[in-house]
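Encoded as structure tokens, the structure appears first; notes follow it.
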Amino acid sequence: MSITNPITVTDVPIPFLAWLGAQLVKAEGGQSEVRLDVLPQHCNSWHVCHGGVLMTMLDAAMATAARSLHPELRGSATVDMTTSFVRPGEAGTLVAYGKCYHRSSTMAFCEAKAAGWWPVPAARSSTSRSAATRASMAELRHPRPLDPQVADLVSRVQRAHRPPYWHYTPQQARAIHEKASKVLEIAAVEVAELRDLDIPVGDGATIGARLYTGMQAPDPAPLVIFSHGGGFTIGSVRDYDAVCRMLANGVRCKVLSLDYRLAPEHRFPTAANDVYAAWRWAFERHAMLGIDPTRVAGMGDSAGGTLTAQAALRARDDGLALAAQVLLYPGTSAWQDTASHRAYATGYLLDERTIQWFFNQYLRDDADRLDWRFAVLDAPEFVGLAPAFLQLAECDPLVDEGLAYGHKLEAARVPVRIQVYQGAIHSFYNMGGALRVARQAHRDSVDYLRAVFETSNAA
């Protein structure tokens with residue numbers, strides 16, 4: 001469709017853009033064009049177009065490009081937008097061109113540029129490329145149907161009327177979680193060797209760790225460094241013992257499972273620093289541990305996925321040769337305000353209030369949310385990161401921010417595989433004793449890591 005005025009798509013008025021004087025010239029087939037005659041009131045103290053006006057035009061171009069693919073959509077919400085200002089936009093006509101280059105069931109990933117249009121010289125321009133999520137189609141987000149086995153599990157949990165974690169102290173929540181995790185996990189299998197270790201992490205502190213050697217693992221062996229989930233507050237190597245045994249045998253590798261320090265006794269950035277210190281220790285002690293340092297991967301679920309992602313960023317900066325990162329439904333955003341957070345806020349085991357309770361234990365204040373060691377989506381640069389496999393749950397409050405992170409990696413030319421497991425909920429990976437979808441995710445992790453390590457070995 002082509003629309004000339006006012007700035008509206010499918011009869012959706014945008015009063016702010018109308019007040020600015022913006023005109024929508026075109027919106028069809030995932031592309032759009034928005035124009036603005038730059039007037040004195042649009043300028044800053046240097047008498048050039050205000051940066052806020054430029055970003056508004058870019059945002060409008062991306063949103064209208066995305067909505068042109070869905071005429072029934074009544075609105076959209078921008079989740080993440082990254083802008084690069086190249087040159088000032090001066091008086092004349094400013095034109096923003098938007099393009100939607102990828103659509104999922106709930107998200108639109110777009111890019112836009114703004115440039116001067118005759119009689120303004122083309123060199124006088126401002127450009128924007130959002131490396132990840134540019135427009136999230138909030139009103140497209142309706143809760144997806146649960147996998148039948150998942151639905152039955154959720155129903156049984158709800159009928160049990162178990163109070164959520166925020167009803168308890170962190171210490172009580174840990175005990176409850178450890179007991180509950182055993183009910184749904186896969187059977188623990190024998191491994192070739194198991195060692196409990198103490199790893200120094202700085203300031204005279206040590207953390208516990210468990211080193212698994214899988215059956216048929218070579219010497220030296222590839223290594224998977226595993227960080228457990230639990231909102232930085234609950235969870236331990238004991239809760240993930242069966243999963244780590246499965247990985248060690250399936251991948252034919254060693255698995256180092258980390259017992260990083262938990263909140264609120266140890267608040268941000270303790271967990272992040274513990275995990276990365278353990279990574280460095282493993283690389284430095286590779287000969288003693290029987291590890292091939294060219295075949296090391298990071299892996300973690302939920303908060304452990306966040307910790308793994310931040311450690312991968314730090315490893316790149318320090319020159320550690322990480323072979324891969326496997327991120328199971330990680331938290332990546334500073335704020336939990338995506339469409340999936342709204343759609344799955346209650347009724348899917350991990351609810352909004354529990355998420356906030358976890359963060360209240362971990363974060364010292366809201367300023368910590370701005371640190372990319374917590375919100376990896378806000379890291380300054382993604383180029384050069386290790387290949388990533390994101391295993392996401394479709395019916396999870398965190399799925400949108402996981403998708404956003406995956407697409408940021410894609411935009412940075414990082415090899416990325418994104419798998420969204422239909423009808424799955426948060427933490428499903430640890431429910432392999434009850435859920436087929438979890439066992440499929442296990443097979444996918446094993447296959448991916450074996451392929452990565454085999455490729456690294458061949459090289």
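Just so you know, all these numbers are worked out from the coordinates, no wet-lab data involved. Model, not experiment: these values are computed from the prediction. Glycine gets a Cβ as well: all are built from the backbone with ideal geometry, and neighbour counts include every protein chain shown.
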Task: Dipole moment magnitude, nearest 20 debye, the chain about Cα centre, only Lys, Arg, Asp, Glu C-beta charged - done: 440 debye
Open item on the list: Given a Förster distance of 45 Å, report the FRET efficiency between residue 162 and residue 458 from their Cβ-Cβ distance, rounded to the nearest 0.05.
Closed with: 0.40
- [ ] Just order 16-28, 241-253 by mean Cβ neighbour count inside 10 Å, highest at the front, would you?
- [x] 241-253, 16-28
Task: Ascending count of other beta-carbon atoms within 10 Å, so fewest first, for 255, 191, 326 - done: 191, 326, 255
- [ ] Quick one: which residues, 5+ away or cross-chain, put their amide H under 5 Å from the amide H of residue 147? H built at 1.01 Å from N.
- [x] 423, 424
- [ ] Output the relative contact order of the stretch 148-458, whole-number percent, from Cα pairs under 8 angstrom with separation of 6+ residues.
- [x] 19 percent
Task: Number of Lys pairs (Cα under 17 Å; 8 or more positions apart or on different chains) in the chain - done: 4
Open item on the list: Test of the criteria: in the stretch 372-409, which GluC sites (Glu not before Pro) are in a DSSP loop and have at most 13 other Cβ atoms within 10 angstrom of their Cβ?
Closed with: 381
Open item on the list: Tell me the label only: which of (1) 0.98; (2) 0.93; (3) 1.02 is Rg/Rh (Cα atoms, Kirkwood Rh) as calculated from this structure?
Closed with: (3)
Task: Antiparallel bridge percentage (DSSP; both residues within the chain; nearest 5) - done: 65 percent
Open item on the list: Using only the alpha-carbon atoms, what does the stretch 270-429 span along each of its principal axes? Please give whole angstrom values in decreasing order.
Closed with: 48, 34, 28
Open item on the list: Highest mean first, how do 269-278, 176-185, 56-65 rank when packing is the count of other Cβ atoms within 10 Å averaged over residues?
Closed with: 56-65, 269-278, 176-185
Open item on the list: Given contacts defined as C-alpha pairs under 8 Å and at least six residues apart, what's the relative contact order of the stretch 378-459, whole-number percent?
Closed with: 29 percent
Task: Distance between modelled label sites at residue 50 and residue 189, nm, 7 Å Cα→Cβ extension - done: 6.2 nm
